[in-house]
Amino acid sequence: MIKKTVPHIIVIFGASGDLTKRKLVPAVYNLHQQDLLGHPFAILGVSRTEMSDESFREKMKEFLPADKPIDDFLNHLHYESIQTTKEDDYHKLKQRIDSLSAEIGAPGNIVFYLSTPPSMYSIIPEHLAAVGLNNESNGFKRIIIEKPFGTNLQSARRLNKDLLKFFGESQLYRIDHYLGKETVQNLMVLRFANSLWEPLWNHKYIDHIQITSAEKLGVEKRGGYYDESGALRDMLQNHLLQLVGLVAMEPPTVIEANAIRNEMLKVFQSIRPLDTKNLDQNVVRGQYTASHIGGESVIGYRDEEGVNPNSRTETFVAMKLHIDNWRWSGIPFYIRTGKKMPTRATEIVINFRPTPHHLFDSLVNTINTPNQLIIRIQPDEGILLKMGLKEPGAGFNVKTVNMRFHYSDLSDSYVPTAYERLLLDCIQGDATLYARGDNVEKAWEIVQPVIDEWEKNPNAPLHGYPAGTWGPLESESLISNEASGWRYPCKNLANDGEYCEL
Ligand code: BG6
């Protein structure tokens, strides 16, 4: 089905913020360059700072490519300053939108992008509704809500309720930028466009699954936000659980928003509630400490700007999950994420069961590391299959070899950024890659027992790990039942081992 783009206006709240400059405006620019936005269209930046259209354009210039034509695109940028907390100011906003619509000849199709502090996520929609900017009689009105969607189950439920007072579910686009990544979408294609994998994709042939999202960076300038959030809320509740959903779901009947979201929801509903009495056996949290990386000394998390010097916020979390359904019964899913790890790598590792009977000697530990399918989300995007083959020469020695595919080999295809893909989908009314309200709540329900436990017991174990390492040793115990242990990814997909990036 070819999706159509109709004339529209994108209103960005929080236009003077970082996300707008770094991600949103460049994403719209790329879409414009590929002629995907159709005509006419306009972007209206909105925030408190007083600014003219001209100075907004000037500010955005610096985030657009210096070596490409940008003047035509800049003419599409406009700006309006309002106090977003003041309902009265929304009359002014509505007038500006109306005159912009008349000026460019676009009817009332509007995407509102909430790139503001989360405290505004309920307030802005309410004020938009007060001036009729939720009314779709003259064109669509859609709202994109950035993360974090709530800080716990209760606040996520409240936010959903608040939003649904003024906008319908079909107007709400809750962003999880991981779903916008090409390689994440490819996961569905890999699973459902090939007859090879699906028969093996279950407890009979799979031993366990690992998902790692490691970051080399620390908290950078976001210490204030991060210290209130931590890895569980910042990465695991959203990005990692979405990956679990896509790996574990049943084939949807069609590739369409609700069909896919229904299958994802069923996975979340089947995740076994964590046993809070033995939380340590299923969840490990850690915090990075001062260390040396590549000969340079690096500070620990507690010394980062904006972080409480006695902070017990986790910068690493690993969790063991079970999905109690027909397909996954008895198969553990190990998921982990952390800051200041040895390298940046996000990948899914499907560990297949060993052969039922071992016929050959193995040079490498083939019995302990049987077939692995590694789906690399980033970087060096691609797919790696590890299998045992005969070592040339006498006897029957088995050696683990790699078969790989790198996205970069498709060098002539342009890979859009997550924000490009997601923005375009929203403009075209396709919510497939956005999270539905009930899915987000269910994902919070999965992590809520851990949040409660840590809040109740602030002294629950928090393990230190030197910056630049793979997290606390305790995360090894979590996976100790698996002979393979964690895979330690390197920057390059096909390499593995602890010390690949010196
Ligand atoms: C964001 C988190 O959602 O995802 C950040 O708030 C994290 O802390 C980022 O760094 C990771 O995204 P990516 O696309 O770089 O893997």
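The values are calculated or read from the model by the stated rules, or taken from the named source; none is laboratory data. In this text the structure is predicted, and so the values were computed from the model without any measurement. Cβ placement follows ideal geometry from the backbone for every residue including glycine, while neighbour counts extend to all protein chains displayed. Keep in mind that these areas ignore ligands, DNA and RNA; they rest on the heavy atoms of the full protein, side chains included. Shrake-Rupley method; radii C 1.70, N 1.55, O 1.52, S 1.80 Å.
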Which one of the conditions (1) at pLDDT 95 or above; (2) open to solvent by 10 Å² or more (accessible area, probe 1.4 Å); (3) small (G, A, S) does A156 fail to meet, given that it meets all the rest?
(2)
Pick from E455, E445: which is closer than 27 Å to T151 by Cβ and either touching an Asp or Glu at 6+ places or on another chain (Cβ under 9 Å) or free of Cβ contacts under 8 Å to residues at least 12 places away in the same chain (or both)?
E455
Could you tell me whether the stretch 388-402 includes any residue that is surrounded by 15 or more Cβ atoms within 10 Å (Cβ to Cβ), closer than 18 Å to N481 by Cα and of a type in the set (A, V, I, L, M, F, W, C)?
no
When you scan the stretch 459-471, do you find a residue that is within 30 Å of I143 (Cβ to Cβ) and open to solvent by less than 40 Å² (accessible area, probe 1.4 Å), even just one?
no
Options A106, A66, A27, A42; residue that is open to solvent by 80 Å² or more (accessible area, probe 1.4 Å) and of a type in the set (A, V, I, L, M):
A66
Give the number of residues within the stretch 23-53 that are within 24 Å of Y90 (Cβ to Cβ) and assigned to a helix (DSSP H, G or I).
4
Could you give every pair whose Cβ atoms fall below 6 Å, whose first residue belongs to the stretch 213-238 and is under 13 Å from T313 (Cα atoms) and among the basic types (K, R), and whose second residue is open to solvent by less than 80 Å² (accessible area, probe 1.4 Å) and near the ligand (Cβ under 7 Å from one of its atoms), counting only separations of at least 6 or pairs across chains?
none
In the stretch 316-345, what residues are touching a Pro at 6+ places or on another chain (Cβ under 7 Å), among the charged types (D, E, K, R) and more than 16 Å from the ligand (Cβ to nearest atom)?
K320
Can you tell me how many residues in the stretch 199-236 are open to solvent by 20 Å² or more (accessible area, probe 1.4 Å), among the hydrophobic types (A, V, I, L, M, F, W, C) and away from the ligand (no atom under 16 Å from the Cβ)?
1
Scanning for something touching a Leu at 6+ places or on another chain (Cβ under 8 Å) and at pLDDT 95 or above, does the stretch 351-368 turn up at least one residue?
yes
Breaking point among (1) touching a residue at least 24 places away in the same chain (Cβ under 8 Å); (2) under 29 Å from the mean Cα position of the chain (by Cα), for G139
(2)
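Being of a type outside the set (F, W, Y), out of contact with any Lys or Arg (no Cβ under 9 Å at 6 or more places or on another chain), under 22 Å from Y465 (Cβ atoms) and not in a loop (DSSP other than H, G, I, E, B): is that true of G286 here?
yes
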Count of residues meeting criterion [open to solvent by 20 Å² or more (accessible area, probe 1.4 Å) and either touching a Leu at 6+ places or on another chain (Cβ under 8 Å) or charged (D, E, K, R) (or both)] in the stretch 165-198
10
Step by step: first the residues of the stretch 413-458, then only those that are among the aromatic types (F, W, Y) and open to solvent by less than 30 Å² (accessible area, probe 1.4 Å), then the one that is nearest to V28 (Cα to Cα). Which residue is that?
Y419
Criterion: surrounded by fewer than 13 Cβ atoms within 10 Å (Cβ to Cβ), touching an Asp or Glu at 6+ places or on another chain (Cβ under 9 Å) and under 22 Å from N134 (Cα atoms) - qualifying residue of Q83, Q95:
Q83
Breaking point among (1) touching a helix residue (DSSP H, G or I) at 6+ places or on another chain (Cβ under 7 Å); (2) over 20 Å from V349 (Cα atoms); (3) of a type outside the set (A, V, I, L, M); (4) modelled with pLDDT under 95, for Y226
(4)
